[in-house]
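Peer 1: I'd like to ask you about the structure that follows.
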Amino acid sequence: MSPTPEPRPDPAQETADPITARALARTPLQAFWHGMWQSLPFLIVIVPFSLLFGVVASEAGLDLAQIMGFSVLVLAGASQFTAVQLMSDNAPAIIVILSSLAVNLRMAMYSASLVPWLGDAPAKHKAWLSYVLVDQSYALSIQHYERHPRLSMMQRLAYFAGCAVLICVPWMIATAVGAIIGQSMPEGIALDFAMPITFLAMIAPMLRTVAHMAACFTSIVLALVLAGLPSGLGLLIASPLGMIAGAVVEARMAPKEA
């Protein structure tokens with residue numbers, strides 16, 4: 001189910017598409033700014049989400065340095081929330097670590113699907129790519145690459161960097177703000193709406209095939225059925241089973257498409 005590069009289009013057809021022509025004509029710097037521009041809508045949910053983490057971590061007893069250590073060194077929102085919640089419940093350290101790693105396993109899938117597009121990038125670029133690979137930078141970049149498969153490597157890297165800067169830097173800043181004002185935040189202000197909205201905005205445009213739909217709805221149904229399991233175990237079970245369902249559907253449909 002991993003997105004794969006589309007066949008190279010005919011140059012004449014590509015030139016006839018003004019959007020593609022503009023994308024191919026951009027310099028790396030212009031591609032960087034374009035990535036930032038397309039990331040702007042995510043700030044609507046990134047800022048409340050990161051504020052919420054700062055508040056929750058502060059209420060859990062972490063000081064500002066520890067909270068910023070999470071957001072700067074870990075830089076993974078869902079895993080950060082998982083770790084803080086388990087720490088608040090006095091879970092063993094090994095459970096905190098394993099649960100956080102399990103939540104972040106999706107990054108391995110993201111990395112695999114980016115290989116056709118960024119696999120040939122120099123090692124120095126792969127280092128920062130792995131650091132700033134988050135849900136939003138992945139979702140925007142993979143869609144951009146699939147729409148414009150003839151972008152140069154530097155254009156792809158610059159676009160990814162633009163997305164990452166506008167997403168990761170505000171995340172860190174808003175986390176600090178949330179940690180500082182956490183104790184004075186009115187209880188009536190609900191910030192937890194941001195997380196589900198973020199994932200809906202990212203996932204919906206990517207449900208393009210029957211296999212994608214099968215994976216999505218299988219994982220949703222299983223997550224709901226297993227919601228009563230402790231420490232988010234139901235979600236950890238539902239995710240791989242959803243991927244398996246999607247892979248099975250894709251494999252069965254492949255001969256019909258041949």
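The values are calculated or read from the model by the stated rules, or taken from the named source; none is laboratory data. Keep in mind the model is a prediction, meaning the values are calculated, not measured. As a convention, Cβ positions derive from the backbone with ideal geometry for all residues, glycine included, and neighbour counts pool all protein chains shown. The accessibility values were calculated without ligands, DNA or RNA, using every heavy atom of the protein model including side chains. Shrake-Rupley method; radii C 1.70, N 1.55, O 1.52, S 1.80 Å.
Peer 1: Working with all protein chains in place, sort E59, E146, E250 by solvent-accessible area computed with a 1.4 Å probe, largest first. Mind dumping the intermediate values first?
Peer 2: On the way: E59 125, E146 20, E250 80 Å².
Largest accessible area first, the residues go E59, E250, E146.
Peer 1: Counting only protein chains, not ligands or nucleic acids, how are R156, R26 ordered by accessible area (probe 1.4 Å), most first? Write down the numbers at each step before the final one.
Peer 2: Details: R156 25, R26 55 Å².
So, going from the largest accessible area down, we get R26, R156.
Peer 1: For the pair W33/I95, report the inter-label distance in nm, with labels modelled 7 Å from Cα in the Cβ direction.
Peer 2: 5.2 nm
Peer 1: 7 Å from Cα along Cα→Cβ at both A108 and Q143: what's the point-to-point distance in nm?
Peer 2: 2.7 nm
Peer 1: If you build the convex hull over the alpha carbons only and average its shadow over all orientations, what do you get for the stretch 26-183? Give it in nm² to one decimal. Please report the intermediate quantities before stating the final value.
Peer 2: Numbers: hull surface 37.7 nm².
Projected over every direction and averaged, the Cα hull of the stretch 26-183 covers 9.4 nm².
Peer 1: Can you compute the label reach from A247? Point 7 Å from Cα along the Cβ direction, backbone N cut-off under 14 Å, restricted to the stretch 109-134.
Peer 2: Answer for this model: 109-110, 112-113.
Peer 1: OK, next. If one computes P(r) from the Cα atoms of the stretch 56-119, what percent of pairs lie at distances over 15 Å?
Peer 2: Numbers: 1143 of 2016 pairs.
Within the stretch 56-119, distances greater than 15 Å cover 57 percent of Cα pairs.
Peer 1: For the stretch 103-168, which whole-number percentage of the solvent-accessible area (1.4 Å probe, protein heavy atoms only) is attributable to carbon and sulfur atoms? Don't skip to the end; give the middle numbers.
Peer 2: Details: 1660 of 2560 Å².
Carbon and sulfur: 65 percent of the exposed surface of the stretch 103-168.
Peer 1: Once you place label points 7 Å from the Cα toward the Cβ at I180 and Q85, how far apart are they in nm?
Peer 2: Computed distance between label sites I180 and Q85 equals 2.8 nm.
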